[in-house]
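Comments concern the structure below.
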């Protein structure tokens, strides 16, 4: 059982960062009931629910949250819960009769987690948006890309999952921990703009010190430096190099055969473009696997650039159990790892309403009440 075994959380059905947060907490052992809408029968881009991996490890109940009976059912579950996760626009939960005031009246200790892009207030709070918009407003997107190119979207890792899901998970855990001492819950207001900005803390510090330029692709960590980048290999694949420290750079020079050449100083920014061309000419002479034989496991700070197909097969990932297979689907294993209360995937991805009876019964809802709720068309 994971470190959150015994904790109970209600998740209001949503997409992206809210479900990712719920996945993380479920992997750590929390008992999570997801409230899905009764009319939701589609799976978005997925044709089979087992591929919708953000839904793994918890049970789904289909509820008409706009009906009086449905709202009362949700509140009865909330009464038992340690946490609540919702990812609607500001005001939606209040209109459903499930806002913080109502919830705290029923459960004063609950961690009320709210996930939005812009936050619960501010001039843009009511507007629609997606990950790309949120990281754009935070300053993060502008910093990503090569010199002379447009900003490059970093999948939806920085906003949805980094600045969103991880900050919500941290906020939920902090709130539940504090409530165990104070006996009082509170709202966790997670904005993906705020979270992405927080992730940029180091770079704002470097910029203030005059050590970071707003021009993309000219800095030490944004592909500007020849010793922190990816290089193409003879077979059209890529390797990553991160030889920042002097001793690691010396190892890079040794293993590339450039150790004896009269090269400019590593930190001579004006020489970086020419040095990149020199390194590119070296790396293209061997295949990715040949460079792995030379550099993998050394202090160059090296790794092959693996595809999603290749990553689960790498010996290091196999040894660590970084990927697992559930219901025939290869997927990332729970992270982080714990020495005593080990995390585990509690079950495959759920379909909307798949566990209505099972989950309600396990949370103490009687069979008679379930029958009445079905007769009232409040659950399905």
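Of the residues 351, 140, 174, the one that moves most in a GNM of the chain with alpha-carbon contacts below 10 Å is 174. Rg and Dmax, both from the Cα atoms of the range 124-163 and both in Å, are 10.7, 35.
Rounded to the nearest 500, the helix-only mean residue ellipticity at 222 nm of the chain stands at -9500 deg cm²/dmol, with each DSSP H run of n ≥ 4 adding -39,500 (n - 2.57).
Remark: relative contact order (the chain) = 23 percent; criterion is Cα-Cα distance under 8 angstrom and separation of 6 or more residues.
Given axes a ≥ b ≥ c from the Cα gyration tensor, I'd like to know whether the range 333-380 is rounded (a/c under 1.5), prolate (a/b larger than b/c) or oblate. The shape class here is prolate.
Computed over the range 186-260, the P(r) tail beyond 19 angstrom holds 56 percent of alpha carbon pairs.
For the chain, the convex hull drawn through the C-alpha positions has a volume of 171 cubic angstrom per residue. Can you divide the C-alpha Rg of the range 1-111 by 2.2 N^0.38 Å and report the result to two decimal places? Rounded to two decimals, the normalised Rg is 1.04. Angle of helix 68-78 to the longest C-alpha principal axis of the chain, folded into 0 to 90 degrees and rounded to 10: 60°. A Gaussian network model of the chain, with springs between Cα atoms under 10 Å, assigns the largest mean-square fluctuation among 355, 226, 314 to 314. Restricting the calculation to alpha carbons of the range 56-116 gives Rg and Dmax of 11.3, 31 angstrom. For a test of the definition: using alpha carbon positions, the gyration tensor, and the 1.5 limit on a/c, classify the range 164-223 as rounded, prolate or oblate. Cα axes put the range 164-223 in the prolate bin. Label sites at residue 289 and residue 120, each approximated as a point 7 angstrom past Cα along Cα to Cβ, lie 5.6 nm apart.
Taking every C-alpha pair closer than 8 Å and separated by at least 6 residues, the mean separation divided by the residue count of the range 232-288 gives a relative contact order of 62 percent.
Using 0.36 nm per residue and subtracting the Cα-Cα separation, the extra length available between residue 316 and residue 48 on full extension is 93.4 nm. Taken over the range 258-375, the convex hull of the Cα atoms encloses 226 Å³ per residue.
Against the main long axis of the alpha-carbon atoms of the chain, helix 167-182 sits at an angle near 50°. What is the range 31-141's relative contact order, in percent, from Cα pairs under 8 angstrom and six or more apart in sequence? The value is 21 percent.
For the range 298-342, the share of alpha carbon pairs falling in successive 10 Å distance bins from zero is 22, 47, 26, 5 percent. Between residue 259 and residue 339, the C-beta separation translates, for a Förster distance of 35 Å, into a calculated FRET efficiency of about 0.25.
The label-point distance for residue 299 and residue 250, in a model that sets each label 7 Å from Cα toward Cβ, rounds to 0.8 nm.
Panel values: the range 99-227, Kirkwood radius from alpha carbon pairs, Stokes-Einstein at 20 °C and 1.002 mPa s, translational diffusion coefficient 132 µm²/s.
DSSP finds beta bridges in the chain, and of those with both partners inside it, around 35 percent are antiparallel.
Cα centroid separation, the range 248-262 to the range 70-126: 57 Å.
Shape class of the range 136-294 from the Cα gyration tensor (axes a ≥ b ≥ c, square roots of the eigenvalues): prolate, since a/c reaches 1.5 or more and a/b is larger than b/c.
Compared with the dominant Cα axis of the chain, that is its longest principal axis, helix 272-283 is turned about 90°.
Considering only 257, 83, 163, the mean-square fluctuation computed in a Gaussian network model of the chain, springs between alpha carbons under 10 angstrom, is largest for 257.
The numbers here are math on the coordinates, done by the rules we state, and not lab data. Note that the structure is predicted; figures quoted are calculated from it, not measured. Note: ideal-geometry Cβ built from the backbone for every residue, glycine included; neighbour counts use all protein chains shown.
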